[in-house]
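Worksheet: the structure to be examined is printed underneath.
The values are calculated or read from the model by the stated rules, or taken from the named source; none is laboratory data. These figures come from a predicted structure and were not determined experimentally. All Cβ positions, glycine included, derive from the backbone under ideal geometry; neighbour counts span all protein chains shown. Only protein heavy atoms, including side chains, enter the accessible area calculation; ligands, DNA and RNA are left aside. Shrake-Rupley method; radii C 1.70, N 1.55, O 1.52, S 1.80 Å.
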Amino acid sequence: MNVIEVENLVKAYTDLALEVVAVDHVNLTVKKGEFTAIVGPSGSGKTTLLNMIGGLDKPTSGTIRVNNKDITQLNSKELINFRLHNIGFIFQSYNLIPVLTAKENVSFIMEMQGENRKTVDERVSEILTAVGLGDRMNSRPNQLSGGQQQRVAVARAMASRPQFIIADEPTANLDSKTTEKLLDLMEELNEKENITFLFSTHDQRVVNKARRIVVLEDGKVVEDNENIKQ
Amino acid sequence: MKEIIKIAWKNVWRNKKRSVTVVVAVILGISAGIFACGVMQGWVEQRIDAVIYIENGRIKLYNPDFLNNEEINNVIPNKEAVEHFLNKETVIKAFSERVKLMAMATTSRGSTSLMLQGINIDDEKKVSKLYTCLLQGTYFEEETSRPVLISDKTAEQLRIKNYVLTTEILDSLENTASIPNTVIASLRSIENIRFESENKMKKEISSLLDRKDVSKYGFDVLKMSEQYRLRSKIVFTFTDKQGELVNQIYKVCGVYKTANIMYDQSNAFVLKSDLSTIAGLNEGEIHETGIILRENANEENVQSAIKKAFPELSVLTWKELSPDASLVSEYMSIYLFIFVGIILFALAFGIINTMLMAILERTKELGMLMAIGMNRKRVFSMIMLETVFLTMAGAVAGMLAGWLLIQVTGMTGLNFSSFVDGFEAMGWAAIVYPTIDLFFFFGITVLVIVTGVLSSIIPARKALSLNPVEAIRMNN
């Protein structure tokens, strides 16, 4: 079953009167439960592509269908609601809310979704335990290491069981050991919860873990290697 | 919404130093504003109290001609019927009938013109609190032939007032005015010496004490040394009913002082029976009736009723008799709200600035929140609540501090005696007892919330204008 279907996607900017095509007629299909890395050099259009798939940016042309729904037709209000209920985000620099505890950072998104207290508490406890922070639930971000903060971010992205998770350079700020642990964790959660992961990365260690690698160059898909691990 | 309230409250205390600075500024601004309003309200209420309970009563009745020409013959017509009507009206608490004559007061040392008011003591006490303003002597309680009650200002003008530090006063200075023994010892050289004017006394005190002691204790010493020559004789000259000039000697039985120098220097009081007889007025002939109403009675309604019954009379409320006090009373709330509004307006700039700084620092975080699905309504609510919380945290403490300050000074009074002449010349008390009413407090609470909400608009709009993609990319 396809979760994401991208057809003829184009994103062009005008920079100092010059047209720059960041994403150039990209076609991409992502199936449920895939663990996909989008790789390519800086400026190849990875982040722009993910932003458009995540509903954060509007394409110049082309369509993006998530579960058969064309999100390019949604207005900004509908897009915010779509993101809240369908997509989990993991950012390079964690982006946790410093005044909230790990538990509150994770529960916040579920509360915005309108989940009841009991469901929220159970799921937050379950997911934080799954990412190995069951004993740090009441710690604030500044009391956690970088790796622990990124694990909270993973828990936050997964808490509401989204259709897919977009992770933009999730390991860029982490050391090797922490990266390894985080990737193992995400892989485990991907398998256990069958949540689709879509990464953009430079990191070879992430590439090594991916089961599908999409290579972008100058905004075009130049390589798409599926079922690498199988 | 619960999660938004929680995060907004926590965000307020994210940068404690900055938030505390803003909160302290709000506390100082609001408490000072409320206290200043309390002082103003206290002053106005004291002024209105004096206008009603000393100077005018709530309503006064006249022969219309008397208002244009204070002539002895312009007495209230049909007085018995008026009396009967006033006695019958249940909303009228008391009334006092007066005889009023313009007179020249003369002593061997000075003279002044004033309005001589003939009163009935028992009736007058029910209408006027003047008997509470006595400095020395009695309110016609001594068995004296033709007693007169004059003001401190009139005593000064007639040189009945003088200054002397008696042995008893000097002995009591340490306890009553906390004046050190060394200063009292220096003052002993003028013990029991009488000075005829304030200037002479001041000069003598200045020569005995050093400048620091003069500025610290001079005012108290001067006030304590004030003496009046009670039972002094004053000759009053006025025109009687037949148009003849009449001279009559009265003896000072007491000296009063209100907060209104203008009133003081133009009014002296004698017994109505004495004045009527000498002026040749008949038993029932009076020039003015002062009326006090019961609590909650509407003076305009009573005025209309009297006017309807006696169209030939001039029926004036205190508002018409003292338009200045009425104007201040009427627009007082507006003045106070404008005053507090100006303070809040200034504070709003500080709050907006703080919130804009907070948003600038949290651009990336706000971008993330919008990216993960926080909608515009929630972002706006969060910023608005943060601003309101920041404002209210200071405002509640500021209002409490202002209220406490008013309660304390409302009991002790604030002494502006150093500026006494300036204030009293305008009819305002030198010692003010600040007060504030609940309506005003409620109004301020609403204003503070409105300020918080309005102050949040610019920062919230700034937050809403962020593009999540660009905000997340920022390095802050």
Does B:Val469 satisfy being of a type in the set (A, V, I, L, M), at pLDDT below 85 and either farther than 24 Å from B:Ile34 by Cα or touching a Lys or Arg at 6+ places or on another chain (Cβ under 7 Å) (or both)?
yes
Criterion: open to solvent by less than 30 Å² (accessible area, probe 1.4 Å), farther than 30 Å from A:Ile97 by Cα and more than 14 Å from chain A (Cβ to nearest Cβ) - qualifying residue of B:Gly398, B:Gly394:
B:Gly398
Only listed residue being at pLDDT below 90, within 29 Å of B:Val432 (Cα to Cα) and either in a helix (DSSP H, G or I) or out of contact with any strand residue (DSSP E or B) (no Cβ under 8 Å at 6 or more places or on another chain) (or both), chosen from B:Glu124, B:Glu55:
B:Glu55
Spot the failing condition for A:Gly219; the list is (1) crowded, with 16+ Cβ neighbours inside 10 Å; (2) under 22 Å from B:Leu369 (Cα atoms), and only one is missed.
(2)
Does region A:61-77 include one or more residues that are facing chain B (nearest Cβ under 10 Å) and within 17 Å of the chain's Cα centre (by Cα)?
no
Out of B:Ile48, B:Ile54, B:Ile27, B:Ile5, sole residue that is open to solvent by 20 Å² or more (accessible area, probe 1.4 Å), within 14 Å of chain A (Cβ to nearest Cβ) and among the aliphatic types (A, V, I, L, M):
B:Ile5
Take the residues in region A:26-45 that are in contact with a His (Cβ under 9 Å, 6 or more places away or on another chain) and under 18 Å from A:Pro170 (Cβ atoms), then tell me which one is farthest from the other protein chains (Cβ to nearest Cβ).
A:Val39
Being on the phi < 0 side of the Ramachandran plot, free of Cβ contacts under 8 Å to residues at least 40 places away in the same chain, open to solvent by less than 50 Å² (accessible area, probe 1.4 Å) and not in a helix (DSSP H, G or I) is the requirement here; does A:Leu133 meet it?
yes
Here's a check for you: in region B:57-77, which residue that is under 27 Å from the mean Cα position of the chain (by Cα) and not hydrophobic (A, V, I, L, M, F, W, C) is most open to solvent (accessible area, probe 1.4 Å)?
B:Arg58
Condition check: closer than 21 Å to B:Pro311 by Cα, free of Cβ contacts under 8 Å to residues at least 40 places away in the same chain and either among the aliphatic types (A, V, I, L, M) or not in a loop (DSSP other than H, G, I, E, B) (or both). Does B:Glu83 satisfy that?
yes
Given the conditions (1) crowded, with 23+ Cβ neighbours inside 10 Å; (2) within 12 Å of chain A (Cβ to nearest Cβ), which single one is not true for B:Ile383?
(2)
Set B:Phe440, B:Phe389: member being touching a Phe, Trp or Tyr at 6+ places or on another chain (Cβ under 9 Å), at pLDDT below 85 and assigned by TED's automatic domain parsing to the domain that holds B:Ile351:
B:Phe440
Could you list all residues from region A:107-124 that are more than 8 Å from every other protein chain (Cβ to nearest Cβ) and either in contact with a strand residue (DSSP E or B) (Cβ under 7 Å, 6 or more places away or on another chain) or free of Cβ contacts under 8 Å to residues at least 24 places away in the same chain (or both)?
A:Gly114, A:Asn116, A:Arg117, A:Lys118, A:Thr119, A:Val120, A:Asp121, A:Glu122
Failed condition for A:Ser139, given (1) at pLDDT below 90; (2) assigned to a loop (DSSP other than H, G, I, E, B); (3) not basic (Lys, Arg), with all others met?
(1)
Tell me, please, whether a residue that is open to solvent by 40 Å² or more (accessible area, probe 1.4 Å), under 31 Å from the mean Cα position of the chain (by Cα), outside the structural domain of B:Thr289 (by TED's automatic domain parsing) and among the polar types (S, T, N, Q) can be found in region B:209-221.
yes
Matching residues in region A:83-106 - criterion: being more than 8 Å from every other protein chain (Cβ to nearest Cβ) and assigned to a helix (DSSP H, G or I):
A:Asn86, A:Ala102, A:Lys103, A:Asn105, A:Val106
Taking region B:282-309, which residues are of a type outside the set (S, T, N, Q), at pLDDT 90 or above and under 27 Å from B:Asp240 (Cβ atoms)?
B:Glu285, B:Ile286, B:His287, B:Glu288, B:Gly290
Residue among A:Asn208, A:Asn190 that alone is touching a residue at least 24 places away in the same chain (Cβ under 8 Å), surrounded by fewer than 24 Cβ atoms within 10 Å (Cβ to Cβ) and at negative phi
A:Asn190
Check region A:5-13 and report whether any residue there is within 14 Å of another protein chain (Cβ to nearest Cβ), surrounded by fewer than 23 Cβ atoms within 10 Å (Cβ to Cβ) and part of a strand (DSSP E or B).
yes
For region B:140-167, give me the residue count where each residue is under 34 Å from the mean Cα position of the chain (by Cα) and assigned to a helix (DSSP H, G or I).
6
Of A:Lys46, A:Lys103, the only residue that is at pLDDT 90 or above and in contact with a Leu (Cβ under 9 Å, 6 or more places away or on another chain) is A:Lys103
Can you tell me which residue in region A:141-184 is nearest to the other protein chains (Cβ to nearest Cβ), limited to those that are in contact with a His (Cβ under 9 Å, 6 or more places away or on another chain) and open to solvent by 10 Å² or more (accessible area, probe 1.4 Å)?
A:Ser160
Given the condition outside the structural domain of B:Gln46 (by TED's automatic domain parsing) and surrounded by fewer than 17 Cβ atoms within 10 Å (Cβ to Cβ), answer yes or no: does some residue in region B:148-156 qualify?
no
In the list B:Ile292, B:Ile306, which residue meets the criterion of being in a strand (DSSP E or B), crowded, with 17+ Cβ neighbours inside 10 Å and either out of contact with any Asp or Glu (no Cβ under 6 Å at 6 or more places or on another chain) or without any contact (Cβ under 8 Å) to a residue 60 or more places away in the chain (or both)?
B:Ile292
